[in-house]
Each structure stands twice: as structure tokens, then as C-alpha cells.
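Readers should treat all values here as calculations from the given coordinates under stated rules, not as data from a laboratory. Just so you know, these numbers come straight off a predicted model, no measurement behind them.
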């Protein structure tokens, strides 16, 4: 790498992370809601009984309560990362170290989500699970086609 490319690469990375951190909270909320809405939309198509609806609602409420406890730590991580990026002490090693400090929080969040989906899975009948798999496959094909069309439009405009 030339002597000019290396500093420009680092500046580009810092600019990227700074921009990502500024946009991330809004996008994270948006993606989460969209993902949740998609999951909710699929569940609506499964003809759940009133008992199943009540069980799933309770599962989601419990997960939401537990997730709130993790958000404080995640917010601290994002704040620390943002400060690190702006800091004169920035280094890749410092980012890795910070990330490692919060690794258990990230793991807890993943486990919480997996537990919630597993509990919901236990509420569904075999027929509902099969129907959900069909819906997901249909959605997957739809998004793959949409992505393909977007790529085609991009290549046409270049």
C-alpha cells in the first residue's frame, strides 16, 4: 500500500464507523420493528387459537422485559465505541478489546431471542409449523427476486 493510501484507508474506516454509529440506532429500531412485524405477520397467517395467541403474547412480553435489561449495556457499548472512534487513542485493538468486554451481552441477547423463538415453536402445531415453513420459503423467493431486479436496475444504470 502506498504511503498515501494507508492513511486514507484509516480515515475512510473512521468516517464509515462514525456514520454507521450515527445512523445505527435509527436503523436498528427500524429493522427490529420490520423483522418483528414480519414475524408477527407470519404468525397471523397460521390461524392460531386464542390460547396460542395468549401464550405467544406472554412469551413475547417476558422476552421484552428481559431485553430491556440488556439495552442499558448495549447503549453503553455503542456510546463507548462512538467515543473511541472520535478519540486520539483509536486503534483496531482498542475496538476489539471494547467488543470483547461486551461479548457476553451480545451472547445474552442472541440467547434471549433464540429462547423466545424456541418457546413460540413449542406452542405451534405440526401443521402450523409446516404452513410457516411454506410462508417463509415463499417470502425468501420473493426477496431473492426483488434483490435480483434491484441488481439488474443497478447494472442498467451504470
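Here the ratio of the Cα radius of gyration of the stretch 86-158 to 2.2 N^0.38 Å is 1.86.
Report the gain in length on full extension from residue 136 to residue 119: 0.36 nm times residue separation, minus Cα-Cα distance, nm rounded to one decimal.
Values: separation 17, 0.36 × 17 = 6.12 nm, distance 1.85 nm.
Taking 0.36 nm per residue and subtracting the Cα distance, the gain is 4.3 nm.
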